[in-house]
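K.L.:
For reference, the structure I am asking about is given below.
The values are calculated or read from the model by the stated rules, or taken from the named source; none is laboratory data. It should be emphasised that the depicted structure is a prediction, and the values quoted were computed from it without experimental measurement. Cβ placement follows ideal geometry from the backbone for every residue including glycine, while neighbour counts extend to all protein chains displayed. Surface accessibility is based on the protein's heavy atoms, side chains included, excluding ligands, DNA and RNA. Shrake-Rupley method; radii C 1.70, N 1.55, O 1.52, S 1.80 Å.
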Amino acid sequence: MHTNLPHFSDINQYQFITFRTKDSTDEFILKQLKKNNLETKIIQQNIDTYLDSSNKGSYLNNNVIDVCKEYLVNIDKSLCKIIAFSIMPNHIHLILVQKEELPQIMHKIKGGLSYLINSELKKEGSLWQKDYYDKAIRSEKHFEKTYNYVKHNAIKAGLADHEKRFFSIYE
């Protein structure tokens with residue numbers, strides 16, 4: 001939905017990225033995206049908090065978590081280096097280092113996951129919302145805060161399988 005926002009893309013840049021299932025979008029999210037008086041960061045925090053408690057578009061559960069983890073852990077290293085991720089029921093948070101342009105990376109990640117998840121769920125059609133949220137990580141403090149957010153997101157949402165949903169190259 002953030003089609004008017006520019007994406008910052010820079011090779012070897014650390015990025016925090018969130019993308020969500022198409023079916024998770026509802027009136028609440030659409031209203032958040034139309035709020036021009038709020039910072040993008042605040043809008044995204046509102047959306048993430050809402051998605052953590054919403055069941056809409058919740059396809060990323062059970063075996064699908066394993067499918068996602070396998071794909072992301074083994075993504076082509078010439079494309080990007082995955083640092084950490086959290087697979088929530090209806091969205092994914094990633095921290096990665098770009099090796100190619102961000103749109104190319106996201107096309108590969110979302111396209112590959114869509115194919116695998118749709119196959120696993122015996123589903124057809126587009127899985128992901130068209131756009132994604134990205135934020136360049138510009139300092140060690142920002143990295144630490146973002147990493148902890150990703151690490152604890154499933155715990156904070158009260159998901160019993162939170163350990164299964166998180167991956168990091170550091171743990």
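K.L.:
Going by the structure shown, is S126 under 25 Å from S9 (Cβ atoms), modelled with pLDDT of 95 or more and either buried (at least 17 other Cβ atoms within 10 Å of the Cβ) or of a type in the set (G, A, S) (or both)?
P.N.:
So S126 fails the test.
K.L.:
A further question on this structure: Given (1) at pLDDT below 95; (2) open to solvent by less than 70 Å² (accessible area, probe 1.4 Å); (3) more than 22 Å from E163 (Cα to Cα), where does R20 come up short, assuming only one miss?
P.N.:
(3) is the only condition that R20 fails.
K.L.:
If a residue must be of a type in the set (S, T, Y), touching a residue at least 40 places away in the same chain (Cβ under 8 Å) and either open to solvent by 10 Å² or more (accessible area, probe 1.4 Å) or in a helix (DSSP H, G or I) (or both), how many such residues does segment 67-121 contain? Steps first, please.
P.N.:
Our first condition is that a residue be of a type in the set (S, T, Y); within segment 67-121, this holds for 71, 78, 86, 114-115, 119.
Add one more test, that the residue is touching a residue at least 40 places away in the same chain (Cβ under 8 Å), and what stays is 71, 86.
From the residues that got through so far, the ones that are either open to solvent by 10 Å² or more (accessible area, probe 1.4 Å) or in a helix (DSSP H, G or I) (or both) too are 71.
Selection size over segment 67-121: 1.
K.L.:
Now for a different question. Which one is farthest from H93 (Cα to Cα), of the residues in segment 129-171 that are of a type in the set (A, V, I, L, M), part of a loop (DSSP other than H, G, I, E, B) and open to solvent by 60 Å² or more (accessible area, probe 1.4 Å)?
P.N.:
Step by step, filter segment 129-171, then rank; the result is A160.
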